[in-house]
Amino acid sequence: MIEDSPVHASALRALAPISTIGRGNDVPPPDAWTSLWPALERDGFTLPAVAAEFGGTGGEVPDELAVIHACAAVAARCPLPETAVAGALLAAAGHAVPPGPLALVAPAGCAGLALVDGRLDGLATGVPWAAQVGHALLPLSQGLALVTLDGCERQPGHNLAGEPRDSVRLHRHRPVALLPDVPADRLLLRGALMRSVQICAAAEQALKLAIGYTTTRKQFGKPLASFQAVQHQIAGAASKLAAARILLDAAYDALASGDASREIAAARINACLAGGDCASVAHQVHGAMGYAWEYDLHRHTSAIQAWRAEFGPLAYWAERLGAQAMAAPSNDLWQFITS
């Protein structure tokens, strides 16, 4: 269980100052994380699965899972997940990880970029926290490019959760490093797994709110939780979430041992399904209360919808996993499905 990890418990405590949960309208300002970042960096939460020789803490792959999950569980809006994953990708390629927060951009956001004579031109969209991070990892047809964002023209934007997703224009911009041996698809897989962890963490919190609300809110003189229809809704969402969590663990286990493309696709599909179901059920049982701005539910459900749309939507991953199944030898299809 993720919650049993000491890293998870420590991350929850470290992120408490920028958590937006349980504060009503008195939430930390959007840039509150910048003052906390040095402490997060010092205590090893920014690069939890990066070897010490590359600037990390020498932790293991499950530590990354724990930190990303904790960040989403307390709705701490900061680039901690992106930094952890970008740092892991850099370290795996043998490149030192620069200090400070990092951005990780989906391949779809870099379709307008061209690398000519060692310099980048074009527009990168959906760049997380472009105004505050020092470096961004961009997927290109030639591999990955690590770039600085200082001095670049920036157009602010946000996703549904209110997290910065800016557009950055690069003109004759020389990358800090090019990683030709790291395909863009590897970044897509790692980004999709990252968002899947966040979706499941937010879905868990939404479901907890729903369960708590139905046990205290009464209708016709009885708690909502006593109605069988409500019980069925919550049980159905909880079962999908349990399946998604199992597949997340399987994806991280596969990631630690080698190729995890199939496991990540399956985890992504189930996280999107479970997240959507948990968000829907939570709002249904809350009624109008679930839409109150000062109530915590929207902080989780808006994030679920935002993260479902990033690093490939559900349909993309379903088609991708289906193609892998079709390509499997017919005598191994059952093994492919059940393993």
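Observations, loosely collected:
- Distance between the 7 Å Cα→Cβ label points at Y291 and T57: 4.2 nm.
- Burial ranking of peptide ranges 209-218, 273-282, 99-108 (average Cβ count within 10 Å, highest at the top): 273-282, 99-108, 209-218
- Equivalent ellipsoid of the stretch 134-200: semi-axes from √(5λ) of the C-alpha gyration tensor, largest first, are 22, 20, 8 Å.
- Extending 7 Å from Cα along the Cβ direction at W334 and again at D185 yields two label points whose distance is 2.9 nm.
- Convex hull projection area averaged over all views, the stretch 164-217, Cα basis, nm²: 6.2 nm²
- For the chain: accessible area per residue (Å², 1.4 Å): 44 Å²
- For the stretch 256-267, putting each phi into the Karplus relation 6.51 cos²θ - 1.76 cosθ + 1.60 with θ = phi - 60° gives couplings of 6, 9, x, 5, 10, 4, 5, 5, 5, 4, 5, 5 Hz, in residue order, rounded to whole numbers and with x for Gly and Pro.
- Value of relative contact order over the stretch 230-315, rounded to a whole percent, pairs C-alpha under 8 Å and six or more apart: 29 percent
- Percentage relative contact order, the stretch 152-275, counting C-alpha pairs under 8 Å, at least six apart: 25 percent
- The length gained by stretching the chain between H171 and D26 to full extension, at 0.36 nm per residue less their Cα-Cα distance, is 48.2 nm.
- Using a probe of 1.4 Å, the accessible surface attributed to S257 totals some 100 Å² when neighbouring protein chains are kept in position.
- 15 Å beta-carbon shell around I68, net charge (K/R +1, D/E -1): -4
- Listed residues D181, D296, D43, D253 arranged by accessible area, highest first, probe 1.4 Å: D181, D253, D43, D296
- Convex hull of the chain built on C-alpha atoms - directionally averaged projected area, nm²: 18.1 nm²
- Each label point was placed 7 Å from the Cα along the Cα-to-Cβ direction; for E3 and E153 their separation is 4.9 nm.
- Among 169-178, 80-89, 127-136, the order from most to least packed when residues are scored by Cβ within 10 Å on average: 80-89, 127-136, 169-178
- Residues whose placed amide H lies under 5 Å from that of G157, excluding near-sequence neighbours: R165, D166, S167
- Integer Hz, Karplus 6.51/-1.76/1.60 couplings in order for the stretch 9-22, x for Gly and Pro: 4, 5, 5, 4, 5, 5, 8, 3, x, 10, 5, 9, 8, x
- Cα centre as origin, Lys/Arg/Asp/Glu Cβ charges: the chain dipole, Debye: 900 debye
- Largest-first principal axis extents of the Cα set of the stretch 96-230 (Å): 73, 29, 27
- Each stretch of four or more DSSP H residues adds -39500 (n - 2.57); spread over every residue of the chain, this sum gives -16500 deg cm²/dmol at 222 nm.
- When Y316, Y291, Y252 are compared by accessible surface with a 1.4 Å probe, the order from highest to lowest is Y291, Y316, Y252.
- Rounded to the nearest 10 degrees, the angle from helix 297-308 to the longest Cα principal axis of the chain is 40 degrees.
- Near S261: Cβ cut-off under 13 Å, other residues only, Lys/Arg at +1 and Asp/Glu at -1. The net charge is +2.
- Fraction of accessible area attributable to carbon and sulfur, the chain (%, probe 1.4 Å): 57 percent
The values are calculated or read from the model by the stated rules, or taken from the named source; none is laboratory data. Remember, predicted model here, so these are calculated numbers, not experimental data. Methodologically, a virtual Cβ is constructed for each residue, glycine included, from the backbone with ideal geometry; neighbour enumeration extends over all protein chains shown. Remember, those area values only see protein heavy atoms, side chains included, never the ligands or the DNA or RNA. Shrake-Rupley method; radii C 1.70, N 1.55, O 1.52, S 1.80 Å.
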